[in-house]
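Rule-based calculations on the coordinates, nothing more; no lab input. Note that the structure is predicted; figures quoted are calculated from it, not measured. Cβ coordinates were reconstructed from backbone atoms using ideal geometry, including for glycine residues, and neighbour counts include every protein chain displayed.
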Amino acid sequence: MSLEVDVRVRRGVFALDVALTAGPGKIVAVLGPNGAGKSTLLDVIGGLLLPVSGSVRVGSRVLTTVGAEGRVHVRPDRRSVGLLGQDPLVFPHLDARENVAFGPRAAGSAAAAARTSADAWLTAVGLDGLGDRRPRALSGGQRQRVALARALAAEPAALLLDEPFAQLDVRTAAELRDVVRDQVRRTQTPTVLVTHSVLDALTLADEVVVLDHGTVVERGHPLDVLTDPAHPFTAALAGVNLVVGEIAAGPVLAGPDGLRLPCRTELPVGTPAQASFAPTAVSVAEPDADDLVWTSHVVDLETGTTGVRVRTTGDVLVDLAPTLVGRVDLQVGAPVRLAVPASAVRVRRRA
């Protein structure tokens, strides 16, 4: 079954308008800045918030519909929609086995059968032999695995993941991503993942949907969206430079502060356009370099993954290897001449 969402919400001056589909065993990652509407979207899917119009469906089952055809709103506890958030949703007074068995027992399974199912789920999430432990005797990662097993043991029609790895250490988060991906695929559960993490999107998602001010501003395959972003938030999240301007003779993209990017494009001169390129593609130009170079100024500095990341005027990021740092005056406000090869620049018409 697929999860299909097409809803509009109004909360004061805020408006949300989102349509997305998660197919069987597929994960749709929803990205966006704070206040973009990500949590509101999950509240609508989970039945905690009624939209002003639209629908939420899983397969042929209508969970929410508001419109000319009438109104349907299934209660949250009757939706069969599971949630895994940052904080593990486990009962502190029950051991791991009974936590996972809660869903099947609530659905009418006999106690013995529910416990047998719970043990199988604990094994599936890597907690074989830990069924008798209370949550306080488990690590944060283990409690999160119990929460995942509990969510899936209830056999939800759809699964919502709300920043489920945000509070975990790097190794535990990586392990739990593998568990989530494997179990979602195995159970064919349509899933919506809200995250601020590029790593979550790239390793888990089949599709990325980017929200800004309640509107979908970008969507597509994670690798495509995050390597060639069209929206400033996505570019900032992915650490990719995004410059707006217009096509000039050359062809070049003429941007702010005298920026001139050589590019390969069929767009005519004068066309509003935007270009994306990696910080690693930017080089410090030699003094006698040609005119496809612009003079920028250092805004701030931070440690990069392979050296130093320099933010320059025009909000252009430059990654410098340690061997090149000595060639550049890295004081804030210092001038620096930059260049980017045309082969590294992706250009699209600006809406």
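Numbers below:
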| item | result |
| --- | --- |
| Contact order normalised by residue count of region 7-146, Cα under 8 Å, 6+ apart, percent | 16 |
| Cα lying deepest toward the dipole's positive end in region 3-227, options 32, 149, 210, charges on Cβ | 149 |
| Sorted peptide list for 6-12, 263-269, criterion being average Cβ within 10 angstrom, highest first | 6-12, 263-269 |
| About the Cα centre, charge dipole magnitude for the chain (Lys/Arg +1, Asp/Glu -1 at Cβ), debye | 1300 |
| Length-normalised contact order for the chain - Cα pairs under 8 Å, 6+ apart - percent | 16 |
| Among 3, 165, 252 the positive-end extreme of the charge dipole of the chain (Cβ point charges) | 3 |
| Label-point separation, residue 93 to residue 321 (7 Å along Cα→Cβ), nm | 6.3 |
| Protection proxy ranking, peptides 206-213, 149-156, 316-323, average beta carbon neighbours within 10 Å, highest first | 149-156, 206-213, 316-323 |
| Theoretical FRET efficiency, 1/(1+(r/R0)^6), r = Cβ-Cβ of residue 15 and residue 155, R0 35 Å, to 0.05 | 0.50 |
| Karplus (6.51, -1.76, 1.60) ³J(HN,Hα), θ = phi - 60°, over region 103-111, in Hz, Gly and Pro reported as x | x, x, 5, 5, 7, x, 5, 5, 4 |
| Karplus-derived 3J(HN,Hα), 6.51/-1.76/1.60, for each residue of region 229-237, Hz, glycine and proline x | x, 10, 10, x, 5, 4, 4, 5, 5 |
